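Following: one structure in structure tokens, then a few remarks.
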Amino acid sequence: MIDLRSDTVTRPTAAMKQAMMDAEVGDDVMGEDPTVNRLEFMVAELLGKEAAVFGCSGTQTNQMGVRAHCVPGDELLINETGHIGIFEAGGPAVLSGVTVRQIAAPQGMLSVADLDGKPRVDDQHYCRTRLVCLENTTNIAGGFIYPLQQLQDVSEWARSNGLKMHLDGARFFNATVGGGYSPAEMAACFDTVSICFSKGLGCPVGSILVGSKPEIRLARRARKMFGGAMRQSGIVAAAAVYALENHIDRLQLDHDNAKQLSFGLAAIDGITAWPEQTESNLVFMELENELGTAVQFAAALKERGVLVGPMGGQRVRLVTHIDIDSSDIPKVIDAVKDCVREGFAERALTGSGPYSK
Ligand SMILES: *Cc1c(COP(=O)(O)O)cnc(C)c1O
């Protein structure tokens, strides 16, 4: 199977597993896991921040960030397609008593023009606008990478409006590698940054939140409260250390594969794709209605050994990652061509399996 559903499906390499086997561990809640301590130090230093705290998932480190900045009754501003607003099970409301205000933004990237005028005035009727959350790279908005200048402009605007800045950097290093700016340059625009190790970096588990010492202290308490403080977590932190040392530069290969895939898809009749705008490892395509739905398409491709992510309606997401080789790309394009030639709407409707309805 060529699995393009997400970069979360990656499996640890033999060398990564060896690093995990060799990890020195201790009780991290007691602050005694040397591998976790090393990881937190490494990432804080790389981003030019004071401190970091290791977490279980990107959802968790995002929610720890929200909690570190906000109190109940506060509001956060986020792009309409932002993960924190739609894919975290209402976490801000449940875990922090925070309301989420979703703002439309071209390509899911907020600019000062989108945000200006949005913070609520200081009045007893209103919640207190406290935090701006950005996503880089953007996920379902299209895998776009913010220009550094736009991040700097939003950051300056937020500070002059008394707002905090949080980055959902699930694909932080896809953004730095693809955007051509450094981790510290990007992190300087934010008070807190969340980074996933379990996506493009190829780790089995783990995320990290980076920020100032007082913010990370609050986030560490939130981690405990949310049930995410682990003990000998150096076992998994070792994978993250390994990935930071070995898997960042190779992300460019994933981006190149994604672009090549998008060009191949765009050349197929009945499919719309945007190769020129494919900036990272996320590829999006849309099917003409007559061909069938994204769910039917995914079912037909699965029969040909390719897994993709139907996004509802006609839209499909295909994600390149460390377990996808450049030699897989022509195979995927051929499988898609076969599907389109043979037709998939009828077959998927009458076939068996989870997508038969
Ligand atoms: C994957 C992802 C997350 C975190 O997901 P987890 O599965 O909780 O690690 C957060 N934000 C974005 C944009 C993501 O794509």
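Per-structure values
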| read-out | value |
| --- | --- |
| Charge dipole (segment 251-356, unit charges on Cβ, about Cα centre) - positive-most of Gln260, Asn281, Ala294 | Ala294 |
| Principal axis box of segment 131-174, alpha-carbon based, largest edge first, Å | 29, 19, 18 |
| Charge dipole (segment 2-246, unit charges on Cβ, about Cα centre) - positive-most of Gly162, Val36, Gly117 | Val36 |
| Thr293, Thr99 arranged by Cβ crowding within 10 Å, fewest neighbours leading | Thr99, Thr293 |
| Cα lying deepest toward the dipole's positive end in segment 1-147, options Ala15, Ala68, Ala89, charges on Cβ | Ala89 |
| Among Ala294, Ala105, Ala89: highest mean-square fluctuation, GNM of the chain, C-alpha pairs under 10 Å | Ala89 |
| Normalised contact order of the chain, rounded percent, pairs of Cα under 8 Å and 6 or more residues apart | 23 percent |
| Label zone at Thr99 (point 7 Å along Cα-to-Cβ), backbone N below 13 Å, segment 135-175 | none |
| Calculated FRET efficiency for the pair Lys17/Asp338, C-beta based, R₀ 41 Å, to 0.05 | 0.70 |
| Segment 39-78: projected area of the alpha-carbon convex hull, averaged over directions, in nm² | 3.6 nm² |
| Efficiency of FRET between Glu32 and Ala345 - r from beta-carbon atoms, R0 56 angstrom, step 0.05 | 0.45 |
| Within segment 251-356: Cβ-based charge dipole about Cα centre, in debye rounded to nearest 20 (Lys, Arg +1; Asp, Glu -1) | 240 debye |
| Column: log10 I(q)/I(0), Debye, Cα scatterers of segment 2-246, q = 0.09, 0.12 Å⁻¹ | -0.36, -0.64 |
| Global form of segment 1-101, assessed from the alpha-carbon gyration tensor, a/c cut-off 1.5 | oblate |
| Under the span-like rule (Cα at least 15 Å along the axis, Kyte-Doolittle mean at least 1.0), DSSP H helices of the chain | 234-246 |
| Theoretical FRET efficiency, 1/(1+(r/R0)^6), r = Cβ-Cβ of Ser160 and Asp256, R0 30 Å, to 0.05 | 0.15 |
| Simple spin-label estimate for Met1 and Asp116 in nanometres, 7 Å along Cα-Cβ | 4.9 nm |
| Spin-label zone in segment 65-91 - amide nitrogen under 14 Å from a point set 7 Å from the Cα of Gln149 along the C-beta vector | none |
| Computed Kirkwood radius, in angstrom, where 1/r is averaged over Cα pairs of segment 221-322 | 16.1 Å |
| Label-to-label distance, nm, for residues given as Asn289 and Glu45 (7 Å Cα→Cβ offset) | 5.9 nm |
| Estimated dipole of the chain in Debye, rounded to 20 [Cβ of Lys and Arg +1, of Asp and Glu -1, Cα centre] | 860 debye |
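All of the numbers you see were taken from the coordinates with simple rules; none came from a lab. Bear in mind the structure is a predicted one, so any value in this text is a computation, not a measurement. Backbone-built Cβ (ideal geometry, glycine too); neighbour counts: all protein chains shown.
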